Structure formats: C-alpha cells, structure tokens
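Okay, so here's the structure we're looking at.
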Amino acid sequence: MIYSRIIGTGSHLPKKVVTNHDLEKILDTDDQWIRDRTGIRERRISSAEEPTTVLAENACRKALEAADVDPGEIDLLVLGTTTPDLIFPSSACLIQKKLGLPDCGAMDVNAACSGFIYALSIADKFIRCGDAKKVLVCGAETLSSLINWNKRETAVIFGDGAGAMVLEASAEPGILSTHIHANGNYADLLNTEVGVSRGFEGLKDNDGKAELMMKGNEVFKVAVRTLGRIVDETLAANNMDKSELDWLIPHQANLRIISATARKLDMNMEQVVITVDRHGNTSAASVPLALDEAVRDGRIKRGDMLLLEAFGGGFTWGSALIKY
Ligand code: UT7
C-alpha cells in the first residue's frame, strides 16, 4: 500500500496589514462588529508586486526547504486558486518556471475556498496510484483583487496569502482519506459573475471591475450544516471516533463556523488551529497557512491525527484525515 506523507510545509503572507480600525476609516463598520461576527482583527492585503504566483512561490520555496527536497525532484505541482495571475497559462505553470521545477505536470484547481483540499486530494491520488513520488501542493489567493472596498459585507472578510506542502510516497500513513463534494445549485450565493465565455459582460455593469458577491447569512447556514456532515463522513470512512482526533485545521471563514464544527467534534478550542483573527478568510490558502503555522510553532507533532476541512463557493466542500 502506498500512502502520501507530508514531509514539509511552508507559507507566505503579503507585507501590508489592514486592521479593523483601518477599515473603520473607509467603511460604515466597527471593530467590535467584525470581531464579534467573524473573529477577524486584521488581514494581509497584497500589493501589485505580490500577485498570487509570488505568494505561492514563496510558500512553495519554504515547503521545499522544510522537506529538504530539491525542486528537480518534484513530479507534479497542484495549485488551488480562484485568483490566478492570468487566464492562461495557469498560475501553476508560472510557479513551475519561477521554482525551476522539471517538465512535470502543473495544474490549477478552482474550487474556491475548498481549492487546497481539492488539490491535496488530487495529489494524494497521483501518489497512491504510483504515478508520482513527490508532489508540491499549494493554496494561494489574492481575493482582495475581487473586493469592492465600498461594501462592508465583503470588504471586512477576506485577506490574501499562500500555504504549501510537499507530499512524498511512503509505506507509512500519511493521508488516510480525502473527501471532496460540490453542489452547483448554490452558485448564486457566492460568486464573481465575470467570465471569458460570457464576454466579460459583468464588467460593463460594474465600472470594469470583477467583484466577489456573497449572501453571507445564507452561506453561513449551509456551511455549518455541510461541515457537520463532512466530518461525520470522514470519521465513518476511517472507522474512527472523534475522540481519536488531535487537531482540527479548518477553513478560516468565520470563528463562529469553526466553533460549531469543533463543538460537534467535542474538541476544545485549544485543539483547533485558528488564524482567522490575523489572516481573515484567505480562501484556498487558509488551511495550508494554518497547518504550517501550527507545524512551525511545534503544536502539531509527528504522529498527531489531523482533520482538515473546507467549504466555499460552488458550493464546494471537502476534508482530509491525516496522520502527521
Ligand atoms: O469562505 C467561503 C464561505 N464563506 C463563509 O463561510 C462566510 C459565511 N458567512 C459569514 O461568515 C457571515 O454571514 C458574515 C460574517 C459574512 C456576516 O455575518 P452575519 O452575522 O451573517 O451578518 P448579516 O449578513 O446577517 O448582517 C447582519 C447585520 C445587517 O444589518 P441589519 O440589516 O441587521 O441592520 C448588516 O447590514 O450586520 C450588518 N453588517 C455589518 N455591520 C457592520 C454586515 N456587514 C457589516 C459590517 N460592519 N462589516
């Protein structure tokens, strides 16, 4: 049996910090509301010199360094992103060039906030079937580029960043299972209605800017219910009891959603890796950013049982159970 094992993690954040108090100056909002309703205190926002591929490149370099793996050894690069630098080539191809990877496969996966879990699931399958030995998996986003800074409903929520990991084929687990789902019936609740094959028509109604739209309250309710289901599915697939989990590494959309999932798993908040307070919602980057933080500060140790989960536009959702 071949498993994928995490042998190195890395992450990278843009330099600019935007606090809730900074947003109070440009929007009808307040720090207290943002902290109470989301758990966010501040977020990082990319400059023009820090597009998605630059954040991703830095996160990948740190993951390669932590794994002590040369770029030439990588067999596949899978990038979860909804905010690629270009329509094409894919951002994965641009990162491949920056990192000096060999002529390996390189692909973007667009599953919104679940993008990293989708990328991880694909990478795991390539390793399990024997087609790849070392895979670089990354989640990187600059959702700030889709934000209307006059709209408090979305402007206070999102941030930019990137997280990455190197997976290696191993006889020892490893990733025990991954689970991915989608339901396009919910496309209207969270989207950016601008696209190539529709002739960029959404731009005409919106001063030439693509904008992220979210019916937050409705997304919230489905997210809590769906994440409850996916953690049940993951534990059942592995014949495992929730008491065997050491760490929950959730998508960092909202502290109230994270707390609801932790409560369902009977986990105390000390077993949950939280970055939403400092990063906001970084979409596909949030899970690998949180994982890297807890690996580097020593909270997550070899042998720990980790449950990763995410939920996002599409809707998409997914999870991974990992013996670290
Ligand atoms: O990552 C992908 C998936 N995304 C998510 O999972 C996000 C899920 N949704 C959420 O996290 C929450 O719904 C939000 C944080 C986006 C919003 O929180 P909420 O408690 O659902 O607020 P709401 O949309 O129901 O709005 C409640 C009130 C409204 O005022 P009225 O109508 O009651 O007078 C809003 O206008 O809060 C108002 N409001 C704000 N007030 C101050 C909305 N945004 C703000 C704001 N500052 N930034």
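Just a few scattered comments:
- Here Arg198, Arg35, Arg44 are placed in order of increasing Cβ neighbour count within 10 Å, fewest first, which gives Arg198, Arg35, Arg44.
- Qualifying lysines (Cα of each under 24 Å from Cα of Lys16; at least 8 residues distant if same chain): Lys25, Lys62, Lys98, Lys151, Lys209
- Sequence of Glu24, Glu218, Glu49, Glu57 once ranked by neighbouring C-beta atoms within 10 Å, starting from the fewest: Glu49, Glu218, Glu24, Glu57
- Mean Cα-pair separation over length for region 177-323, i.e. relative contact order, pairs under 8 Å, 6 or more apart, %: 35
- Helix-only mean residue ellipticity at 222 nm for the chain, each DSSP H run of n ≥ 4 adding -39500 (n - 2.57), per residue, nearest 500: -9500 deg cm²/dmol
- Fraction of antiparallel bridges per DSSP, region 3-172 only, in percent to nearest 5: 70
- Stretchable slack from Met269 to Cys129, in nm (0.36 nm times residue separation minus alpha-carbon distance): 46.8 nm
- Taking other Cβ atoms within 10 Å as a rough exposure proxy, Trp317, Trp33, Trp247 sort from fewest to most as Trp33, Trp247, Trp317.
- Straight-distance crosslink candidates among lysines, where the alpha carbon sits under 16 Å from Lys242 and sequence neighbours closer than 8 are dropped: Lys264, Lys323
- Remark on Leu176: its backbone amide H falls under 5 Å from those of Leu321, Ile322, Lys323, a criterion applied only to residues 5 or more positions apart or on other chains, H modelled at 1.01 Å from N.
- Summary value for the chain: 26 percent relative contact order, contacts being C-alpha pairs under 8 angstrom separated by 6+ residues.
- Residues with amide H under 5 Å from that of Asn281, placed H, sequence gap 5 or more: Phe158, Gly159
- For the chain, a Gaussian network of Cα nodes joined below 10 Å ranks Asn150, Asn254, Asn191 by mean-square fluctuation, and the top entry is Asn150.
- Residues of region 254-278 with amide N under 16 Å of a point placed 7 Å along Cα→Cβ from Asp36: 255-256
The numbers here are math on the coordinates, done by the rules we state, and not lab data. Computed from a predicted structure; not experimentally measured. With ideal geometry, Cβ positions are generated from the backbone for all residues, glycine too; neighbour counts draw on all protein chains shown.
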